[in-house]
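Before any comments, here is the structure.
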Amino acid sequence: MKIDNVAYRSVWVDPQDGWTVRIFDQTRLPWSIDVLRLSTADEVAHAIRTMQVRGAPLIGAVAAYGLALALREDASDTAMEREAAMLAETRPTAINLRWAIGRMLARLRGVAPHSRVQAAYDEAAAICDEDVAQNEAIGRNGLSLLSEIAARRGNRVDVLTHCNAGWIATVDWGTALAPIYMAHDQGIDVHVWVDETRPRNQGALLTAWELGRHGVPHTVIADNAGGHLMQHGKVDAVIVGTDRVTRQGDVANKIGTYLKALAAHDNGVPFWVALPSTTIDWTIGDGVREIEIEERNADEVGAITGPLVGPGDVDREGEVRTIRLVPPGSRAANPAFDVTPARLVSGLITERGVCAASEAGLLSLFPERRQTA
Ligand code: MRU
């Protein structure tokens, strides 16, 4: 993503000092582009818990750097295992977090403590580079699907997406948005229906911001509008990202994804899920029963945050405020993810190609998993 004509990844090591970790504060986007400096594992954990960084692949990459920061303070076996466990617990649903920490530990356990810091930075950098390459490949594979639709529709494609699975949710490119960026860059007339994605509004805030910066035509809609648009032929395909895909192809993603899949199924609209293989949890099959769904603070449902709009109070226009939505005394609940069963998923778009959402489909692309599956 380019900001002021400079290409940025969503996480990087500060080239000035060579060790602090930089991220964009996603709780401030799009009203303000603030770069945060993370210098301890606790700061990384705080950034993940509070969703200053979010999106399954990105939290894995940032957590990997979090372990490198922890090792700068204490590279002993005990400290490494303790800090790794602490970072892995920061959010429960996205498997990339535990995958990244697991990969870091697998690399570092065999390294002597005095060499661990450099090895940790190198491994975290490799995780980031691989994420970028995987997402670019997902983009190319998804582009073929969009090109087929465009060929039938006079170069036009209308895609609906939920939450944010773009550049800012990964190290670069995004998953669900990568094919959209590529289609747009190739001259396909792609338009995106962007679910606002209550309660945190990742669609209205982050996806709309990203698409706008890239020049992709888009329209933000209330979360409940997608079914209606599909009934009226205004959606050619749904593409979403995911926080965890099980061995049998069940998909955990932002709350509300399941309802979009049901509506897509009812209307014969393809429902595709874009993911790097780091999002596959080969250890579980039944996503509805086995994936832990994060329950976030109910205040996220009971209130909404954003800049004041005029003309009510011109002096304070633009000031970011939190406004209460729910009357005092009413309870709110906030399950942050849901699981879409594989039978509702038309295909999984991975870095190795597109496959059926099933164990056979996944194993056809990842045959090396046959023994563990
Ligand atoms: O709670 P969030 O904002 O971290 O949830 C993110 C999502 O649900 C994304 O769609 C998912 O992580 C895919 S990101 C490429």
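The values are calculated or read from the model by the stated rules, or taken from the named source; none is laboratory data. This structure is a prediction, so every number in the text was calculated from the model and none was measured. Positions of Cβ are generated from backbone atoms using ideal geometry, with glycine treated the same way; all protein chains shown enter the neighbour counts.
Counting only helices (runs of 4 or more DSSP H) wholly contained in the range 35-99, the ones carrying 2 or more residues that are crowded, with 24+ Cβ neighbours inside 10 Å and away from the ligand (no atom under 16 Å from the Cβ) occupy 56-73.
Within the range 151-161, can you find the residues that are in contact with a helix residue (DSSP H, G or I) (Cβ under 7 Å, 6 or more places away or on another chain) and in a helix (DSSP H, G or I)?
First, the residues of the range 151-161 that are in contact with a helix residue (DSSP H, G or I) (Cβ under 7 Å, 6 or more places away or on another chain): 156-157, 159-161.
Hits for the range 151-161: nothing passes.
Is it the case, given these coordinates, that G302 is of a type in the set (G, A, S), in the same structural domain as T350 (by the TED database), over 19 Å from the mean Cα position of the chain (by Cα) and surrounded by fewer than 20 Cβ atoms within 10 Å (Cβ to Cβ)? Judged against the criteria, G302 is a match.
Give the residues of the range 100-126 that are more than 16 Å from the ligand (Cβ to nearest atom), assigned to a helix (DSSP H, G or I) and small (G, A, S), sorted by residue number. Give the steps one after another, and end with the answer.
Taking the range 100-126 first, the residues more than 16 Å from the ligand (Cβ to nearest atom) are 101-126.
Still in the running and assigned to a helix (DSSP H, G or I): 101-108, 113-126.
Hits for the range 100-126 are G102, A106, S115, A119, A120, A124, A125, A126.
Please verify whether the range 80-98 includes one or more residues that are at positive phi and either of a type in the set (A, V, I, L, M, F, W, C) or modelled with pLDDT of 95 or more (or both). So far as the range 80-98 goes, no, none of its residues is at positive phi and either of a type in the set (A, V, I, L, M, F, W, C) or modelled with pLDDT of 95 or more (or both). Set side by side, the residues N164, N135 differ, and just one is outside any helix (DSSP H, G or I), in contact (Cβ under 8 Å) with a residue 24 or more places away in the chain and within 16 Å of the ligand (Cβ to nearest atom), which is N164. Residue check: V309 meets all listed conditions (1) surrounded by fewer than 16 Cβ atoms within 10 Å (Cβ to Cβ); (2) within 26 Å of R91 (Cα to Cα); (3) β-branched (V, I, T) but one, namely (2).
Somewhere in the range 314-333, is a residue at pLDDT 95 or above and within 20 Å of the chain's Cα centre (by Cα)? No, the range 314-333 contains no residue that is at pLDDT 95 or above and within 20 Å of the chain's Cα centre (by Cα). Residue pairs whose Cβ atoms lie under 6 Å apart, separated by 6 or more positions or on different chains, with the first residue in the range 335-358 and touching a residue at least 24 places away in the same chain (Cβ under 8 Å) and surrounded by fewer than 20 Cβ atoms within 10 Å (Cβ to Cβ) and the second part of a loop (DSSP other than H, G, I, E, B) and among the small types (G, A, S), are S358/G249. The set of residues in the range 253-286 being hydrophobic (A, V, I, L, M, F, W, C), under 21 Å from the mean Cα position of the chain (by Cα) and not in a helix (DSSP H, G or I) consists of I255, F271, W272, V273, A274, L275, I280, W282, I284. For the condition in contact with a His (Cβ under 8 Å, 6 or more places away or on another chain), more than 24 Å from P276 (Cβ to Cβ) and not assigned by the TED database to the domain that holds H162, A112 does not qualify.
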